[in-house]
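Okay, so here's the structure we're looking at.
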Amino acid sequence: MPGGSTTGQGYCNADPVNCSDISGLFTYTITYSLGLFRYSVANFFGYLLRCFTCYFPIPGARALRYNQGMDLRVGPARIWFPLWVSRLWQGTNSAGWRFKTLHGHPDYPGYIEFHFYKSYGWLYLTIHGWVPWYSAGAWVPKPIYVAIARQTWNRFALKPLVSRLRQRWELPAVLSVSQKGRNRET
């Protein structure tokens, strides 16, 4: 079939970067290595939830609770970006939340998900965004959009989170700072 994949499990003829997702979304993923971590993700996430606004440095953030709205102010003009906490989960080695973008957000009706997990003792944060092709955010070329997303989420992942993790959980200073080569995006 023209335009189809060679196998039933194929996706975009093995070229997901240059094709359109059948759902009409484009996605981005940014992963941060937060360092060696001897405690469970559940312990860390509980600590994060107790003072979410201490770590999430974007104006408009408030305590993270399931089924609750937030109006974050992002960018140089401090534009309101309305969100809804549509998912909140916590396990021994995995925890996180999902923001559903609301009307007025440039990515509406998309999602932004924050996922903490451990692998071989290392703590990671992966931020994954889903942007509908017809949203205002989709009019920005994907490389520029991902650069803006990275700049926004670096304020959360690299500065307050890592420094406070180091203080609270006694992480080695060299290992707790995300190295440029260890961060990756897809």
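The values are calculated or read from the model by the stated rules, or taken from the named source; none is laboratory data. Keep in mind that this is a model prediction, so the values were computed, not measured. With ideal geometry, Cβ positions are generated from the backbone for all residues, glycine too; neighbour counts draw on all protein chains shown.
A few points about this structure:
- Yes/no for TYR28 being touching a Gly at 6+ places or on another chain (Cβ under 9 Å), of a type in the set (Ser, Thr, Tyr), surrounded by 15 or more Cβ atoms within 10 Å (Cβ to Cβ) and modelled with pLDDT of 80 or more: yes
- Residues of segment 59-71 that are crowded, with 16+ Cβ neighbours inside 10 Å and touching a helix residue (DSSP H, G or I) at 6+ places or on another chain (Cβ under 9 Å): ALA61, LEU64.
- Qualifying residue in segment 35-48 (condition: within 27 Å of VAL140 (Cβ to Cβ) and at pLDDT below 85): no
- Just one of the numbered conditions (1) of a type outside the set (A, V, I, L, M, F, W, C); (2) in contact with a Phe, Trp or Tyr (Cβ under 7 Å, 6 or more places away or on another chain); (3) part of a strand (DSSP E or B); (4) surrounded by fewer than 20 Cβ atoms within 10 Å (Cβ to Cβ) is not true of THR126: (2).
- Pairing each residue of segment 135-149 that is surrounded by fewer than 13 Cβ atoms within 10 Å (Cβ to Cβ) with any residue that is outside any helix (DSSP H, G or I), provided the two are 6+ apart or on different chains, yields C-beta distances under 9 Å for TRP139/PRO106.
- Among (1) touching a residue at least 24 places away in the same chain (Cβ under 8 Å); (2) at positive phi, the one test that PRO109 misses: (2)
- Yes/no for LEU125 being at pLDDT 80 or above, over 20 Å from THR31 (Cα atoms) and among the aliphatic types (A, V, I, L, M): no
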